[in-house]
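Report on one structure; see the data block that follows.
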Amino acid sequence: MMMKRFYWMLALILAIGSVTTAKAQTKQGEWFSSSSIGAGLSTFAGDIEDAKSRFGLVINSEIGYNVTDWFAPSIGLTNAYQGVGYTIISKNMYMDVLSVPLLMNFIAGPITLKAGIQPDIILSARMNGMSYADQLKKVSLAAPIALNWNFCTDDEGDLWFLEVRYHLGLTKMNKDVMFTNGWRTPGSIRNSIVMLTIGYKCDL
């Protein structure tokens, strides 16, 4: 399932890059969209000491509006396959998380700084073959912060970019319940992920 989604998104990005055009400079009054794909390094933060990071696939899409030449609000969808390992019990938890980032984009030439807020929705969570989705909160809040670099444009202005994004968990994502295997998670555990993606941006 994960590899099918990877190939589908990669084909979509390449198709967009081959059939659409974009202007090299951001202009006031224009809508834009972007799609990107890459990897994320995720873990848990907060009241936990033995968590280990895990890599996973990240797919991201975004649509926004250039209010000025340097400022653009946007809304997006991010699907991240996240995971965390626990040293004490020698097990890994794997999560499928859908995020809806609401971002403010500050543009300076080829560099864009992004910041905002987003709900994180847990689609699934599994450990040792068992579901833990009902033992985690369905929705939590995070603060996405990103740095975007436009590294390539062609004669028509089609634009490719690299982006580093960090999702800082703001609210507790765990329920104070006894997990299926008898392991308890007291206190506040928050989501945390760093992502590196490559993508394509075009005007609408």
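The values are calculated or read from the model by the stated rules, or taken from the named source; none is laboratory data. Computed from a predicted model, the values in this text were never measured in an experiment. No Cβ is skipped: glycine too gets one built from the backbone with ideal geometry, and neighbour counts run over all protein chains shown. These accessible areas exclude ligands, DNA and RNA; they are computed on the full protein's heavy atoms, side chains included. Shrake-Rupley method; radii C 1.70, N 1.55, O 1.52, S 1.80 Å.
General observations
- Summed over the residues of segment 61-130 and divided among them, the accessible surface reaches 43 Å² per residue at a probe radius of 1.4 Å.
- Extending 7 Å from the Cα toward the beta-carbon at both Leu141 and Glu30 defines two label points whose distance is 3.4 nm.
- Taking each of Lys52/Lys137; Lys91/Lys114; Lys52/Lys201; Lys175/Lys201; Lys91/Lys172 in turn, the alpha-carbon distance tops 27 angstrom for Lys91/Lys114; Lys52/Lys201; Lys175/Lys201.
- Between Lys175 and Ile198, residue separation times 0.36 nm minus the direct Cα-Cα distance comes to 4.8 nm.
- FRET efficiency, 1/(1 + (r/R0)^6) with R0 25 Å, evaluated for Leu98 and Arg126 via beta carbons: 0.95
- Anisotropy class of segment 57-108 from Cα gyration tensor, a/c 1.5 cut: prolate
- Residues Asp134 and Phe106, FRET efficiency given R0 of 35 Å [Cβ-Cβ distance, rounded to 0.05]: 0.30
- Heavy-atom SASA rank of Leu147, Leu141, Leu103 (probe 1.4 Å, accessible area, largest first): Leu147, Leu141, Leu103
- Cβ-Cβ FRET estimate between Ala115 and Lys91, R0 fixed at 41 Å, reported to 0.05: 0.75
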